[in-house]
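Where a number appears in this text, it was derived from the coordinates with a stated rule and is not lab data. These figures come from a predicted structure and were not determined experimentally. Because the Cβ atoms are built from the backbone with ideal geometry, glycine has one as well, and the counts that use them run over all protein chains shown.
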Amino acid sequence: MALIREGNKKVLLIVDVQVGVMHYTWDAARIIKNVAAAVEKARSQNIPVIWVQHAGEELAYGSPDWELAPELVPAEGEIRIYKGFNSSFEETTLSETLAQLNAAHIVLAGASTNWCIRATAYAALDRGYDLTLIKDAHTTEIMEFDDGSKIEAADIIRELNSVMTWLNYPGRKNNTVAVDELDFATLP
């Protein structure tokens, strides 16, 4: 039986757009600019913005690298969630926060595409939320393997964008949208 959220609200979830993460990602300046544009659109349409920050061995809580990119400043009253795993749902208050907001649709942006964005997207769909991935507001770094082969960051991003356009869950909607076309009122 499919789990489908009964709420009717949308939220913008910004994941791990932190100094120490963005330092290594592909096209970081453009992505940060697009995330900032999505945040402004959400605020102008009275959509809650939830900021997620990762802490771990390589990203110490409270360190300069742990801080959000300087171009991104949460407004007073915007929710902040702190996590230690790839999924923004694991051992955090995100589920409870979304329930309090009566949220059923998550609009997602941030980093890193192949780790925290992918894990959060699948976790959201598995938990019954509709999901929209902002296709030009997430990024990652090149994956390099021991044998010398590589997967370019742009290809990782393109792959997840493609998956989010055809992935199929019963009773849920998922899609992608470019930040320039983002209008919370018209999202499916």
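Using only the C-alpha atoms, the convex hull of the chain corresponds to 125 Å³ per residue. Expressed as a rounded percentage, what relative contact order does segment 9-186 have, with Cα pairs under 8 Å and six or more residues apart? Worked out over segment 9-186, it gives 26 percent.
Among Asn46, Asn114, Asn34, which one shows the highest mean-square fluctuation when the chain is modelled as a Gaussian network with alpha-carbon springs under 10 Å? The residue with the greatest mean-square fluctuation here is Asn46. State log₁₀ I(q)/I(0) for segment 89-164 at q = 0.16, 0.21, 0.24 Å⁻¹ as given by the Debye formula over alpha-carbon point scatterers of equal weight, solvent excluded. For segment 89-164 at q = 0.16, 0.21, 0.24 Å⁻¹, log10 I(q)/I(0) is -0.62, -0.92, -1.09. Dipole of the chain (Lys/Arg Cβ +1, Asp/Glu Cβ -1, origin at the Cα centre): which of Gly110, Ala123, Leu98 lies farthest to the positive side? Working it through, the farthest residue towards the positive pole turns out to be Leu98. For the chain, DSSP calls about 15 percent of its internal beta bridges antiparallel. Given +1 at the Cβ of Lys and Arg, -1 at the Cβ of Asp and Glu and no other charges, the dipole of the chain around its Cα centre is 820 debye to the nearest 20. With 0.36 nm allotted per residue and the present C-alpha distance subtracted, the Ser149-Glu67 stretch has 26.3 nm of extension available. Return the single residue from Thr120, Thr97, Thr140 with maximal mean-square fluctuation; model: Gaussian network over the chain, springs between Cα atoms under 10 Å. Between Thr120, Thr97, Thr140, it is Thr97 that shows the largest mean-square fluctuation. Count Lys and Arg as plus one, Asp and Glu as minus one, and take only other residues whose Cβ is under 12 Å from that of Phe85; the net charge is then -2. Toward the positive end of the charge dipole of segment 9-186, with +1 on the Cβ of Lys and Arg and -1 on the Cβ of Asp and Glu, the farthest Cα among Gly62, Ala178, Val21 is that of Ala178.
Based on alpha-carbon centroids, what's the gap between segment 110-134 and segment 4-81 in Å, whole number please? Comparing the Cα centres of segment 110-134 and segment 4-81, I get a distance of 14 Å. Rg and Dmax over the alpha-carbon atoms of segment 114-158 stand at 12.8, 39 Å.
Spacing of the modelled spin labels on Asn46 and Arg158, each 7 Å from Cα toward Cβ, amounts to 4.2 nm. Taking the average, over residues, of other Cβ atoms within 10 Å as the packing measure, peptides 52-59, 131-138 rank 131-138, 52-59 from highest down.
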